[in-house]
1. To the nearest 10 degrees, how steeply does helix 12-33 sit against the main Cα axis of the chain, on a 0 to 90 scale?
2. Sorted by average packing, counted as other Cβ atoms within 10 angstrom per residue and highest first, what order do 22-29, 60-67 take?
3. For the chain, what does -39500 (n - 2.57) per DSSP helix run (n ≥ 4), summed and divided by total residues, give at 222 nm, in deg cm²/dmol to the nearest 500?
4. Return the label of the correct value of Cα extents along the principal axes in Å, as calculated from the structure shown, out of (1) 47, 35, 12; (2) 74, 21, 15; (3) 33, 19, 18.
5. Mind pulling the angle between the C-alpha long axis of helix 49-69 and the longest principal axis of the chain? Nearest 10 degrees, somewhere in 0 to 90.
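Readers should treat all values here as calculations from the given coordinates under stated rules, not as data from a laboratory. Every value quoted in this text rests on a predicted model; they were computed, and no experiment measured them. Methodologically, a virtual Cβ is constructed for each residue, glycine included, from the backbone with ideal geometry; neighbour enumeration extends over all protein chains shown.
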Amino acid sequence: MSGQNPSAGVNPLARAAVVLALLGLLGVLLFLAAGFSPWSVGLGAFLGMPLLLLAMALYLAVAVRDLRRHGLL
């Protein structure tokens with residue numbers, strides 16, 4: 001195996017999108033697992049969902065940038 005890092009070519013915005021998506025999914029999972037209690041609504045609905053939306057927006061930005069870089073858009 002070569003000495004290269006396999007994730008060296010990953011765009012930092014894509015990494016951020018993955019991290020935000022995981023945090024958002026964790027918030028939504030807490031919301032669902034806690035049985036819709038008031039504190040879980042704050043974490044799941046008011047924190048988890050916006051994180052998921054931000055992750056989707058970052059992923060779309062990465063995809064559009066990649067398509068433009070390759071001349072497909």
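1. 20 degrees
2. Sorting 22-29, 60-67 by mean packing, highest first, produces 22-29, 60-67.
3. Helix contribution divided over all residues of the chain: -22500 deg cm²/dmol.
4. Here the calculated entry is (1).
5. 10 degrees
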